[in-house]
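Okay, so here's the structure we're looking at.
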Amino acid sequence: MNTALLIIFGVIVISSIVGITAGRNLKMNLENWTVGGRRFGIILIWLLMAGEIYTTFTFLGASGWAYSKGAPAFYILIYGALAYTLSFFILPKLWKVGKKHGLHTQPDFFIHRYNSRGLGILVALIGVFSIVPYLQLQLQGLGFIVKVASNGTIRSETAIFISFVLTCAFVYTSGLRGAAWVSVIKDVLMIAAVFVVGFGVPLIYFGSYSRMFEVLIQKMPQHLVFPGAAPHMDVWWVMSTILLTSLGFYMWPHVFGSAFSAKSDQVIKRNAIIMPFYQIPILLIFMVGFTAVLVIPGLENGDLAFLSLVNQTYPSWFMGFVGAAGAVTAMVPAAILVLFASTLLSKNVYKAGFDPHAGDEKVMRLSRVMVIVIMTLSLLFALFLTEDLVNLLILGYDGVCQFFPGVVLGLFWKKVTKSGVLAGLLSGVALVIVLILSGNDPVLGLNAGFVGLILNMMVTVSLSLLKKETPERKTSRT
């Protein structure tokens with residue numbers, strides 16, 4: 001136990017030092033803070049986008065759903081592949097707009113494209129509210145990791161607080177560049193851990209993958225058939241959730257900043273081609289969840305399946321290695337998420353709504369203050385409002401997916417209007433909130449966020465076709 005904890009906290013500290021020192025030779029202005037000076041090449045972009053996509057959700061949530069729900073977990077394997085295909089067509093064009101007009105954030109795009117500061121403020125607020133549960137997910141996951149690694153000796157609250165302090169430190173000092181360099185450490189550790197465990201545990205306990213599946217089908221014949229162990233997650237729910245998450249995959253506010261940080265649109269295209277390789281570790285994580293449901297049935301929390309099986313199977317030093325990989329896998333996306341949430345509030349809410357003449361230096365100072373505020377809010381949620389890790393991610397997707405019509409139609413359809421996008425966004429978000437708060441998610445078997453997106457798209461397109469384009473909007477179009 002002591003060895004495992006020493007490795008975990010050692011890697012956390014080293015990663016934090018790397019993040020803090022990453023920006024030491026840079027003048028930390030708003031450009032370097034949010035988009036890394038737009039100088040990232042294919043390797044850093046790949047690691048950065050993987051760092052923000054493959055998170056604690058992938059490490060613990062995917063195996064947890066394979067353990068506790070079975071077949072519905074397969075949606076995780078599918079939606080990423082669809083999203084990468086979309087990114088090949090969407091992100092390069094978005095990068096060109098960002099480069100030409102000096103955009104830093106997602107609301108910047110909406111403000112520029114639709115000539116509306118009010119729309120930008122609304123997008124920023126929805127983005128922040130969607131980011132907070134995703135940030136909470138990372139902190140909760142890190143708490144699980146340390147709690148299991150210490151056999152309960154160290155409380156998850158203690159680990160979450162330590163991560164909170166160190167993540168704030170390297171975001172505050174180095175911005176996006178710090179997160180990008182820590183992503184290098186995170187990806188090496190995560191891939192190594194997943195491959196060793198994903199290939200190892202089925203062979204250790206069953207001798208082969210085929211034998212593991214034979215036993216699983218014999219003992220739990222419905223586990224790999226929809227709806228698995230979750231009666232409300234049938235084929236309709238899975239298909240609607242796949243569409244929701246694949247369309248919303250690159251609508252997260254922090255993904256916009258990562259796309260803007262590339263040094264060319266060709267870097268973005270190459271990244272779309274190689275990103276599907278990251279789906280392979282997810283398949284291995286499923287194997288761990290399926291093995292765990294046979295070897296250690298009856299876990300109170302399925303999200304602990306991966307760690308519990310490692311703890312039971314491997315020596316303490318390897319548990320430390322896996323725990324360290326999981327801890328950094330939580331810290332990197334947390335850093336990126338809080339960085340962009342703070343920038344949205346300072347630049348796209350405060351400056352756009354209350355102080356249009358605020359300079360970059362003032363916005364930068366406020367962004368750093370907002371890092372502490374947002375991380376503190378997520379810390380409180382992680383400590384007192386715990387939730388299933390995958391549910392937290394889907395909750396965030398319900399919000400950010402509503403940006404899809406405004407972004408994609410804004411890039412590729414000349415007739416889309418500000419009023420159409422605004423009305424569609426408000427109606428989609430309102431419907432999602434009503435459905436979730438009334439306990440109607442899923443509704444008619446469909447994911448509530450997807451139902452909201454359908455309404456959003458219908459309203460956006462209908463109003464855009466009904467309203468003629470104004471001269472002001474013509475001048476704002478790229």
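The values are calculated or read from the model by the stated rules, or taken from the named source; none is laboratory data. All values reported here derive from a predicted model rather than from experimental measurement. Note: ideal-geometry Cβ built from the backbone for every residue, glycine included; neighbour counts use all protein chains shown.
Here are some residues: VAL288, VAL322, VAL310, VAL328. Which one is touching a Ser or Thr at 6+ places or on another chain (Cβ under 8 Å), in a helix (DSSP H, G or I), at pLDDT 85 or above and not hydroxyl-bearing (Ser, Thr, Tyr)?
Answer to the selection: VAL288.
Taking the stated definitions as given, is LEU304 buried (at least 21 other Cβ atoms within 10 Å of the Cβ) and farther than 17 Å from LEU203 by Cα?
Yes.
Inspect all residues belonging to the range 102-110 and state whether any of them is at pLDDT 85 or above and either touching a Cys at 6+ places or on another chain (Cβ under 7 Å) or surrounded by fewer than 21 Cβ atoms within 10 Å (Cβ to Cβ) (or both).
Yes, the conditions are met somewhere in the range 102-110.
Could we say that LEU366 is hydrophobic (A, V, I, L, M, F, W, C), modelled with pLDDT of 85 or more, surrounded by fewer than 24 Cβ atoms within 10 Å (Cβ to Cβ) and part of a helix (DSSP H, G or I) here?
yes
Against the conditions (1) out of contact with any Asp or Glu (no Cβ under 9 Å at 6 or more places or on another chain); (2) surrounded by fewer than 23 Cβ atoms within 10 Å (Cβ to Cβ); (3) outside any helix (DSSP H, G or I), where does VAL184 fall short? Just the number, please.
Of the numbered conditions (1) out of contact with any Asp or Glu (no Cβ under 9 Å at 6 or more places or on another chain); (2) surrounded by fewer than 23 Cβ atoms within 10 Å (Cβ to Cβ); (3) outside any helix (DSSP H, G or I), the odd one out for VAL184 is (3).
Any idea which of (1) within 30 Å of SER367 (Cβ to Cβ); (2) surrounded by 22 or more Cβ atoms within 10 Å (Cβ to Cβ); (3) among the aliphatic types (A, V, I, L, M) is the one VAL194 doesn't satisfy?
Here VAL194 clears every test but (1).
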